[in-house]
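Data first, discussion second: the structure below is written as structure tokens.
The values are calculated or read from the model by the stated rules, or taken from the named source; none is laboratory data. Here the structure is a predicted model, which means the values were calculated and not measured. Counting neighbours? That spans all protein chains shown, and the Cβs are built from the backbone with ideal geometry, glycine included.
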Amino acid sequence: MAFTTHPAERRLEATSFENPVDGPTHALLARSLTDVPGQRLGWAVGLASLVLALSAGAFAGGIATGLRLFRFPGDVAMRLQLDHGVIMTCFAVLPALLSTFGAARLPRQLRGPGLAAPAVAAGGVAAMAIGFLCLAVMPARTDIAVILWSVGVTLQAASTLATVANMRSPDLRLSDVSPFVWAQVAAHGLVAMLAPMLAAGMTRALLRGADPALVVRAFEAPLNAVALIAACGIVSLVVADARRPARSETRGTGVAFAVMAAGVVVWMHGALRGHALSGVWLEEIFLMPAGVALAGLWIAGLWRAHVAPRPALFWAAAFIAVLLGGAAASVRAPAAGLHSVAELGAVLAAFAGLYRWLERRCGEAVPRMMTAVHLVFTVGAILAMLVPSAVVPSALAGGLAGVSLVALAVVLGVSLARARPFVDAAAPLAARSRA
């Protein structure tokens, strides 16, 4: 299977030590895990973030299932709904889109030796994990959990921004980096500014005995906007694999990311002055128009290239459909559009990145039919969870989620079983380059 990648990544692959017999499929992974210590640490941090995101997502799913199956008192139900939103946004979605892909994929996009401060990034993941455990054990301490998350995500953002600034290859210009890098820079930069504000608001609520739910709801829209920027960056990487993006398209993607980021900056400016921009205006003026423009660029590029369908593109196409559907929904229900894109689109973007990794490691061994089954049942399970239990029974939602997990396990098992063996990581680097 031939892939067309961004110019920066093509230059990297042209100068990398690949096995021309086995191709780049497994040599890239073996080298990234063994050759450079900084990249090994980056993959370790990314894996730890992925474990945190999966654990938090499973825990939040359990809370959602319990709310659908059982009738709780009013105050308990409100507390569980608040914790569910915090866990999904702060400990599942954002770690998956930012920490996992940023730590594991960003050094390779920059052609650098690894993360600039892997210990700082690892400390950030540890702080977020402690915050999640605190919220899981003490559901009433949302304020402490969010403060710990703010510390952890700030450390993670500092490591990522330092990596882009200092660990980039000397011959790689900023104008040549992929839109994925710019999306990561924008998302981490915004988080680095939002997290201290959120921690300050939670600290004030903690000291005054106020309800932390008010602070959480105030920051819901900008955090969803950060998740949307990171998700669009991952999808842009998948779409760029299908054909060579024109420079005008790359610039247009960067402008769309800048518009999204500008909306969050305007919201923060208003919040600091005491009159924050509402989430509806943030969505209607900045996020959804830029998202629709991005979707139009992707669709036009794929249409002109006449690309063949690939598993990762299935998920990217589903994300584009959700993005356009969220924009249409925001016209009738302004509060629902951004929420649906952040919840469902984040999952689709994360799986698009996962399937991109599988394609580049296993090639044609990835089963396309089972990928489609996984996609259909995943979307169905998420939509069933979002619909009230009076409309969709909880047993149906659980069954769809179970089939989705089984399909994912089959895809991973078949892909890795049929793939060609890994390049011997113990072999000398020069020997692997001459193989």
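Take residue 64 and decide whether it is at pLDDT 50 or above, within 14 Å of residue 91 (Cα to Cα) and part of a helix (DSSP H, G or I). So residue 64 fails the test.
All of (1) out of contact with any helix residue (DSSP H, G or I) (no Cβ under 8 Å at 6 or more places or on another chain); (2) free of Cβ contacts under 8 Å to residues at least 12 places away in the same chain; (3) of a type outside the set (D, E, K, R) hold for residue 165 with one exception: (2). The combined condition, being free of Cβ contacts under 8 Å to residues at least 12 places away in the same chain and under 18 Å from residue 323 (Cα atoms), is not fulfilled by residue 279. So which of 103, 121, 53 ends up being crowded, with 21+ Cβ neighbours inside 10 Å, at pLDDT 90 or above and in contact with a Leu (Cβ under 7 Å, 6 or more places away or on another chain)? The match here is 121.
Name the single residue, out of those in the range 168-188 being surrounded by fewer than 19 Cβ atoms within 10 Å (Cβ to Cβ) and within 23 Å of residue 353 (Cβ to Cβ), that is modelled with the lowest pLDDT. The selected residue is 174.
Within the option set 91, 132, being part of a helix (DSSP H, G or I), closer than 21 Å to residue 231 by Cα and not polar (S, T, N, Q) holds for one residue only, 91. At pLDDT below 90 and closer than 28 Å to residue 162 by Cβ: is that true of residue 196 in this structure? In short, no.
Candidates are the residues of the range 235-256 that are at pLDDT below 90 and of a type in the set (Gly, Ala, Ser); the one that is nearest to residue 292 (Cα to Cα) is 252.
Candidates 98, 115: the one that is crowded, with 18+ Cβ neighbours inside 10 Å and out of contact with any Gly (no Cβ under 9 Å at 6 or more places or on another chain) is 98.
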